[in-house]
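Here's the structure, in structure tokens; my notes come after.
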Amino acid sequence: MRRTKPMIALSALAAALTLLSVAITPLTASADEGRAVTLYADQSTGQVFMKPCRRCVRLGTYVPAGSTAEIERKVEMKTRAQLEADHAQMQAELQNKQLQQQQWNAEMAKQVSEIQPFAREFGDRWFKKISVGTLIYGDYGYWTHAGFGPQFLTQQNWPGPGNNSFSSFNITRAYLDFKFTPVDDISARVTPNVYAAVGTASGDTVGKNSGYASSLDGNLNYRLKYAYIDYNTFFKKIFKVAPMSEDKITFGQEQNPLVDWEENLWGFRYTALVPWNYTSLSSTQVGISMKGPIKFHETQYADYDFGVFDDASFHAIEQSAYKQVMGRITVNPFGAHSRYDGLGITGFYDYGYSNKCTPDVNFKNTSCAHLARAAALVHYTAESWGVIGEWDYGHNAFTPGNLFSGSGPSDAIGVPSTGPSNFVAYNKMVGNILNTQSVQMGADLLGHWDIPHTPFTAFGLLQWFQPNTRKSKDPLDFTRYDLGVQWLINKYLRVAIDSQAIQYYHSQFDNVGTGPKHVVTPFSVARDTHAFFLHMEFRY
């Protein structure tokens with residue numbers, strides 16, 4: 001049969017309607033939703049089939065409208081286009097930010113170059129001229145045996161006999177250390193220090209008819225430890241002496257010529273006081289001094305410290321009509337590369353008067369006898385060990401106040417002790433022995449040893465002291481020791497565990513002669529004091 005044009009048009013229309021019906025007809029649940037459909041047409045009849053057939057030609061593959069595949073395709077095309085657009089926008093923003101950063105860097109470089117001279121001047125004037133540090137000593141102490149005696153450490157007190165197994169936590173030093181060097185010629189130091197105040201309710205008499213009230217009881221105080229100015233270039237610019245070019249003149253509240261130097265020589269001040277500091281000599285004085293090394297070709301052959309100071313210590317008001325002179329000289333016979341290096345021979349002397357010698361009573365007051373202290377030391381410091389041998393001599397340099405600074409009978413502060421074990425007679429005996437004609441003598445050994453390949457150091461101090469050698473048998477004679485091990489945790493923190501004791505080594509006796517008369521004093525030899533400590537030092 002011959003196909004006419006109307007027939008062909010009719011067949012095409014039927015195919016189109018068939019395709020439209022496929023597109024708009026929902027698929028059944030059993031149909032593969034979203035799958036593409038391939039159509040075939042019979043050329044002779046114009047029928048459309050979804051499967052290949054004889055005499056059929058392939059019309060093409062179609063995706064039903066609204067199918068999952070069609071949606072995914074459109075989403076994918078849209079997402080790709082959106083990503084490309086976002087990427088282009090981010091590239092543009094990044095280029096813009098980079099341009100802004102370059103402009104900002106250029107502006108900052110310009111500003112820094114403009115303020116650099118000012119910043120350099122500010123740094124030279126302040127940051128390089130000021131240092132701030134701190135120093136803290138703390139400990140826990142356990143007293144297995146409690147007795148009377150001097151303080152083991154400054155501001156460390158304990159109750160006396162009958163108080164075995166006493167314990168306490170203590171802060172014995174807390175410095176804030178400020179140092180200023182505005183120019184090479186001048187430097188200054190200001191160091192406040194916290195301390196525990198134990199005062200009395202009554203005031204202090206001064207001279208014949210005046211006095212000062214006391215307001216210390218119950219207060220925790222901050223007092224000035226150091227406040228002094230150094231003139232550093234006197235021997236470099238004014239009186240030019242090359243071997244003394246590092247020496248200086250100091251005025252103010254400054255270190256004692258012996259105590260601070262010996263503390264650094266030994267190195268364990270945070271565990272115990274050095275000998276003369278333990279028995280009476282303050283570590284800080286108010287006055288003027290000259291000090292420094294004597295060097296030839298950068299090698300030290302001597303170190304000295306001489307000064308004139310108040311008779312009063314730094315924590316007392318000066319009342320004396322006089323002043324005390326004090327000096328130390330250290331000789332390094334083989335030279336030293338640093339202040340405490342190698343072999344040294346040191347001599348120290350102090351001459352002064354009691355702080356109670358006011359001008360209106362100094363000629364009549366029997367307590368105005370002069371006082372003196374002397375010390376001779378031989379010491380050697382190596383890289384990992386050091387040893388110090390010391391001999392001490394004093395005249396009127398040890399008082400009942402020094403003996404009872406750590407713990408003493410209530411009678412010493414005007415409160416009579418009572419009961420069968422009272423210390424009225426003992427306190428009177430101590431006052432008679434430590435009179436204005438007493439002579440002191442002592443010997444000491446200090447040292448340390450760094451244990452190889454460990455952060456630990458063994459250290460020790462042994463002291464033998466006679467409060468008055470003019471008595472043939474003095475019940476106050478004592479020995480003291482501090483033996484322990486230190487752990488160096490880092491350059492800022494170290495701790496130590498040690499054992500300390502004051503031992504009155506004479507056998508007990510009752511009769512003590514103090515002149516033509518003999519005073520009967522039961523238990524004239526005081527009980528020993530033994531304690532264990534865990535010490536800590538933080539230094540920055």
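Structure data summary
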| quantity | calculated |
| --- | --- |
| Spans of strands (runs of 3 or more DSSP E) in segment 466-540 with at least 2 residues at pLDDT 95 or above and either in contact with a strand residue (DSSP E or B) (Cβ under 6 Å, 6 or more places away or on another chain) or open to solvent by 30 Å² or more (accessible area, probe 1.4 Å) (or both) | 478-488, 493-503, 529-539 |
| Members of segment 321-357 that are open to solvent by 30 Å² or more (accessible area, probe 1.4 Å), under 19 Å from D305 (Cβ atoms) and hydroxyl-bearing (S, T, Y) | S338, Y340, Y349, Y351 |
| Residues of segment 243-293 satisfying the condition of being part of a strand (DSSP E or B) and among the acidic types (D, E) | E254 |
| Test for L461: is it open to solvent by 40 Å² or more (accessible area, probe 1.4 Å), part of a strand (DSSP E or B) and at pLDDT 95 or above | no |
| Residues within segment 233-257 that are out of contact with any helix residue (DSSP H, G or I) (no Cβ under 7 Å at 6 or more places or on another chain) and either free of Cβ contacts under 8 Å to residues at least 12 places away in the same chain or among the β-branched types (V, I, T) (or both), tallied | 7 |
| So L94, is it of a type in the set (A, V, I, L, M, F, W, C), modelled with pLDDT of 75 or more and open to solvent by less than 100 Å² (accessible area, probe 1.4 Å) | yes |
| Near pairs, Cβ below 6 angstrom, 6+ apart or cross-chain, from segment 353-379 (under 22 Å from S282 (Cα atoms) and among the small types (G, A, S)) to any residue that is open to solvent by 40 Å² or more (accessible area, probe 1.4 Å) and modelled with pLDDT of 95 or more | A372/Y351; A374/Y349; A374/Y393; A376/W391 |
| Leading residue by the ranking (nearest to A146 (Cα to Cα)) among those in segment 401-426 that are assigned to a helix (DSSP H, G or I) and of a type in the set (A, V, I, L, M, F, W, C) | L403 |
| In segment 380-415, the residues that are among the hydroxyl-bearing types (S, T, Y) and either touching a residue at least 24 places away in the same chain (Cβ under 8 Å) or touching a Leu at 6+ places or on another chain (Cβ under 9 Å) (or both) | Y380, T381, S384, Y393, T399, S405, S407 |
| Those residues of segment 406-419 which are among the polar types (S, T, N, Q) and buried (at least 21 other Cβ atoms within 10 Å of the Cβ), in sequence order | S407 |
| Candidate set from segment 420-442 (those that are small (G, A, S) and open to solvent by less than 40 Å² (accessible area, probe 1.4 Å)); member that is modelled with the lowest pLDDT | A425 |
| Those residues of segment 211-232 which are at pLDDT below 95, open to solvent by less than 60 Å² (accessible area, probe 1.4 Å) and among the polar types (S, T, N, Q), in sequence order | S214, N221 |
| Subset of segment 290-318 [more than 15 Å from M244 (Cβ to Cβ) and either crowded, with 20+ Cβ neighbours inside 10 Å or hydrophobic (A, V, I, L, M, F, W, C) (or both)] | G307, V308, F309, D310, D311, A312, F314, A316, I317 |
| Close pairs (6 angstrom Cβ cut-off, 6 or more residues apart or separate chains): under 18 Å from Y504 (Cα atoms) in segment 476-492, modelled with pLDDT under 95 and open to solvent by 90 Å² or more (accessible area, probe 1.4 Å) anywhere | T479/Y505 |
| Residue list for segment 372-400, restricted to those being buried (at least 21 other Cβ atoms within 10 Å of the Cβ), in a strand (DSSP E or B) and of a type in the set (A, V, I, L, M, F, W, C) | A375, L377, I388 |
| Hits in segment 126-147 (condition: under 10 Å from Y540 (Cα atoms) and open to solvent by 60 Å² or more (accessible area, probe 1.4 Å)) | V132 |
| Verdict on Y270 being within 18 Å of L377 (Cα to Cα) and buried (at least 23 other Cβ atoms within 10 Å of the Cβ) | no |
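The values are calculated or read from the model by the stated rules, or taken from the named source; none is laboratory data. Since the structure is predicted, the reported quantities are computational estimates derived from the model, not experimental observations. Cβ atoms come from the backbone with ideal geometry, glycine included; neighbour counts cover every protein chain shown. Ligands, DNA and RNA are excluded from the accessible area calculation, which covers all protein heavy atoms including side chains. Shrake-Rupley method; radii C 1.70, N 1.55, O 1.52, S 1.80 Å.
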